[in-house]
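A short worksheet on the structure shown next.
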Amino acid sequence: MFRRYQFGLFLMVFAVATVIGQQPPEERPPIVDPEVEPAQFQRRGVWNGQLTSQQGPIPPVPTVKSSTEPRPITQLPPQPPTPTVQLSVLVPRDHPPGQEIPCTLQVTNTTAADAHQVVVRIGNIDGATISAAIPKPQDAQSSNWSFKILKAQETQKIELTLRPAAQASSVSVKAFVSFEHGQLVKTLLSDPKLSIKTELPKEPQADEPIAVRVAIRNGGRVPIVGAKLTQTISDGFSFHKEISGGEATKQPNQRLWNIGTIQAGETKFLQYLVTADKGRALRVLSVLDAEGKVQANDSADVTVLESGLKIRLSGDGKVTAEQAAVYEATVTNSGTIPLTNVQVAGTVPEDCRLTKMTRGGKEYRGLVYWTIPKLAPGESQSVRWGLQSDRAGRREIRARATNGRKIDQSATTETVVQGIAVLNWQTSFDRNTVAIDQQGVMSIVVRNSGTEDATDVRLTVTLPKASVSLVQASPENQTNKEILTFSPRTIAAGKSETFTITFKGEQFGRAYFNSKLSAAALDDRPLTTEKYVEIVRK
């Protein structure tokens, strides 16, 4: 019967320095570049000159290695399990002298972690020698058995045969087990990867603030410290007066922002406004420096568009009351921005009436107006309208062009409305018959019913000399044989002039008076009439 002896377990653990590093590359999520929205103008917002940040995943392992600052450790990472190895020595408690003694060495990994470089060693055997071993020791000169890896819950046995010495009264076996436990970690030496992108609006406009957006990305795996961003803008532009971030430098068109530390995978944004003064070609230069160790630069260029609108008005300078004055307004887009919904309006004075207008025109409260849907840069369009007035005088006509971009242009012209003299006359006798040797009166009333004075009004009357004799005539006149000519007169608008001829009957019968009226207003179309009176006997 064998008695079971169990020697104490001797455990030798060799401490290996533990270095705590980042996650292994295969355990990290892939990098996803943050979406950078295009720069847009915002009238209000606290971001004008302020820095914003967007955290991103840690970038993948770089291909170029160089020394840099380690990523700070924030907490202890999860630790792997620690193995435990148990050694048992099994021999009979009593054994007959002179016979070989069986001895079993059993080494067991009692944990879930693999044990490396496991070594079983026979330290000393008192009273016996080893005559056989399965498996054999590492070499003939030693009593060491080496196992490279003893996996979790695995057991290995060493079967020994001991030959007792001749005079021995007992046999003692001393055995040891040792193994290694440690951690393998890796620190990657990564180059910093700093990138900068400057964005401007595609079609900035001179009459509105221009938004500038700068995206600063740390595409490396280590933080970048002490970063400073310098922004330089073109001459003719200035930083918006409401900008609240950054520091002014000695150059008026330059500003400096302290970015500070940019963590791995982090993107920081700077947004601010620029005002176009006289400049139209904007260039923004971005220079990023991190304590002289890391540098990056970028630039963006854009042409600033300008709104422009011109209007030219032409019209008849002089018309009569019977004519309509025609006006033409020509609108031109003199800028570099397409204009939409351009409104063109022309005035219609109170004493004028609209006689015609081009298609699309509408009359409203003393105006005639059109809407031009779109006007490309350099394009011109014209509108026309006609006005007529019955009253003489000067008329100031104004045309105005506006659009939604607060552009307002106007032009004026003058038209003189000439009145016309409208003459009509009436011839009458104070009686139908005149007796011989008695007097009669012929009256001629000339009335100007027009709006302009009638000038050079001339009245001539051919007298029937055989039937009557002239007594007197009024106003001033002269006679040449039977022709009575009155001096030229001017008859004001709305007034009348009366001509009288006093005559005496000489011979009975019909006395015919032939009258002729000429004036500047009548041109070469004088008025004529023939009237008669009966001369009778007493």
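The values are calculated or read from the model by the stated rules, or taken from the named source; none is laboratory data. Just so it is clear, the structure is predicted and the values come from calculations on it, not from any experiment. Every residue, glycine as well, gets a Cβ built from its backbone with ideal geometry; the counts of neighbours run over all protein chains shown. Note: accessible area is taken over every heavy atom of the protein model, side chains too, but ligands, DNA and RNA are not part of it. Shrake-Rupley method; radii C 1.70, N 1.55, O 1.52, S 1.80 Å.
One residue stands out in the range 177-192 among those that are touching a strand residue (DSSP E or B) at 6+ places or on another chain (Cβ under 7 Å) and open to solvent by 30 Å² or more (accessible area, probe 1.4 Å): the one that is farthest from PRO81 (Cα to Cα), namely PRO192.
Per the listing THR460, THR455, THR479, the residue uniquely open to solvent by less than 50 Å² (accessible area, probe 1.4 Å), assigned to a strand (DSSP E or B) and either modelled with pLDDT under 90 or polar (S, T, N, Q) (or both) is THR460. Looking only at the range 414-442, filter to residues that are of a type in the set (Ser, Thr, Tyr) and either modelled with pLDDT under 95 or exposed (fewer than 14 other Cβ atoms within 10 Å of the Cβ) (or both); which one of those is farthest from LYS495 (Cα to Cα)? The extreme case among them is THR433. Condition check for LEU273 on (1) in a strand (DSSP E or B); (2) closer than 30 Å to ARG400 by Cα; (3) not basic (Lys, Arg): one failure, at (2). Would you tally the residues in the range 233-266 being more than 16 Å from GLN295 (Cα to Cα) and part of a strand (DSSP E or B)? Number satisfying all stated conditions: 8. Out of ILE130, ILE101, one residue alone is of a type in the set (A, V, I, L, M, F, W, C), open to solvent by 50 Å² or more (accessible area, probe 1.4 Å) and over 30 Å from LEU76 (Cα atoms). It is ILE130.
Listed by first and then second residue, the pairs linking a residue in the range 319-336 that is charged (D, E, K, R) to a residue that is open to solvent by 40 Å² or more (accessible area, probe 1.4 Å) and in a loop (DSSP other than H, G, I, E, B), with Cβ atoms under 7 Å apart and 6 or more places separating them unless they lie on different chains, are GLU322/ILE420. Mind listing just one residue for me: the one in the range 400-413 that is surrounded by 13 or more Cβ atoms within 10 Å (Cβ to Cβ) and within 22 Å of the chain's Cα centre (by Cα) and, of those, farthest from GLY346 (Cα to Cα)? Looking at the filtered set, the residue picked out is ARG405. All conditions but one from (1) at pLDDT below 95; (2) in a strand (DSSP E or B) apply to VAL445; the one that does not is (1).
Do we have LYS228 as open to solvent by 20 Å² or more (accessible area, probe 1.4 Å), in contact (Cβ under 8 Å) with a residue 24 or more places away in the chain and basic (Lys, Arg) here? Judged against the criteria, LYS228 is a match. Residues that are within 21 Å of TRP145 (Cα to Cα) and not aliphatic (A, V, I, L, M) within the range 84-104 comprise THR84, GLN86, SER88, PRO102, CYS103, THR104, listed in sequence order. Against the test of being of a type outside the set (A, V, I, L, M, F, W, C) and under 30 Å from ASP235 (Cα atoms), the options THR371, THR332 yield a single qualifying residue, THR332.
With respect to ILE122, is the statement that it is open to solvent by 40 Å² or more (accessible area, probe 1.4 Å), touching a strand residue (DSSP E or B) at 6+ places or on another chain (Cβ under 7 Å) and either on the phi < 0 side of the Ramachandran plot or modelled with pLDDT under 90 (or both) true? When the stated conditions are applied, ILE122 does not pass them. Of all positions in the range 191-202, at least one carries a residue that is hydroxyl-bearing (Ser, Thr, Tyr), assigned to a strand (DSSP E or B), closer than 26 Å to PRO57 by Cα and in contact (Cβ under 8 Å) with a residue 40 or more places away in the chain.
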